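Student: To start, I am sharing the structure in question, which I have written as structure tokens.
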Amino acid sequence: MTYTTESASIFSSNRFDSSTQFADAVPATIALFKRLSVDDQLALLWYAYTEMGRSITPAAPGAARLQLAEGLLSQIKAMSHTEQLQVMRDLAANRNTAISRAYGVLSTNTKLAFWYELSVLMDRGIVVPMPPGYQPSPAVTEVLEAIKSLDFGQQITVLRSTVVDMGVDPLAD
């Protein structure tokens, strides 16, 4: 094949479009997540951590200071399942509560590890588990599939972006 200025510009243009689409996958997936209802967001986090947990596990707890969240996790473990679910809903909905404010000051990686630990506690039945026979909504399935299609680094970026916006930052204006 002979390369001309025209063919080179087409190649560059196609390559740019491809990388732009690749780069746009993360914000597009985050936008899909943010459109979910609070309960669907919680379900998605649980599915993400349980289905992709083998790869997320080393990234979350290893990179975070989970001991900073242990007090919050202990408070949640001491609650009834109804109260635990309400706390998770409050965090996802950014309701101004004592736990949401305490969560709000955690680092991004600690927030990621916090949700990982909650999913582990849910699996063990210590924290309110997913209802038996629960089927994710089509919207949850769509976002989960979008996350699965990303590479590992992008998956972590999406999960970090979703959990960092939860809770209430008491230090914000």
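Student: For the range 142-157, take each phi angle, set θ = phi - 60°, evaluate the Karplus expression 6.51 cos²θ - 1.76 cosθ + 1.60, and give the result in whole Hz per residue in order, putting x for glycine and proline.
Tutor: 4, 5, 4, 5, 4, 5, 4, 6, 7, 6, 3, x, 5, 4, 5, 4
Student: Further question: To the nearest 20 debye, what charge dipole does the range 57-173 have about its Cα centre, counting +1 at the Cβ of each Lys and Arg and -1 at the Cβ of each Asp and Glu?
Tutor: Numbers: 9 positive and 11 negative charges, 43 e Å.
It comes to approximately 200 debye.
Student: Could you list which residues have their amide H under 5 Å from that of residue 127, counting only those 5 or more apart in sequence or on another chain, with H placed in the peptide plane?
Tutor: 122
Student: With the crude spin-label approximation of a point 7 Å out along Cα→Cβ, what separation in nm comes out for residue 171 versus residue 75?
Tutor: 1.7
Student: Another question about this same structure. By the gyration tensor of its Cα atoms, with a ≥ b ≥ c the square roots of the eigenvalues, what is the shape of the range 70-109: rounded for a/c under 1.5, prolate for a/b over b/c, or oblate?
Tutor: Working: a/c = 2.09, a/b = 1.26, b/c = 1.65.
Oblate shape, in that a/c is at least 1.5 and b/c is the bigger or equal ratio.
Student: Which value, in Å² rounded to 10, gives the accessible area of residue 34 with a 1.4 Å probe and all protein chains present?
Tutor: For residue 34, the solvent-accessible surface is approximately 110 Å².
Student: Accessible area of residue 88, 1.4 Å probe, to the nearest 10 Å²?
Tutor: Around 10 Å² of this residue is reachable by solvent.
Student: Further question on the same structure: For the range 98-162, just say rounded, prolate or oblate: build the C-alpha gyration tensor, square-root its eigenvalues into a ≥ b ≥ c, call rounded for a/c under 1.5, and beyond that prolate if a/b exceeds b/c, oblate if not.
Tutor: On the way: a/c = 2.02, a/b = 1.09, b/c = 1.86.
Since a/c reaches 1.5 but b/c is at least a/b, the shape of the range 98-162 is classed as oblate.
Student: For 151, 40, 123, give the ranking by accessible area with the largest first, probe 1.4 Å. Can you show the working numbers first?
Tutor: Working: 151 70, 40 30, 123 100 Å².
Putting 151, 40, 123 in descending order of accessible area: 123, 151, 40.
The values are calculated or read from the model by the stated rules, or taken from the named source; none is laboratory data. What you are looking at is a predicted structure, and each value in this text was computed from that prediction instead of being measured. Neighbour counts are summed over all protein chains in view; Cβ atoms, including those assigned to glycine, are modelled from backbone coordinates with ideal geometry. These accessible areas exclude ligands, DNA and RNA; they are computed on the full protein's heavy atoms, side chains included. Shrake-Rupley method; radii C 1.70, N 1.55, O 1.52, S 1.80 Å.
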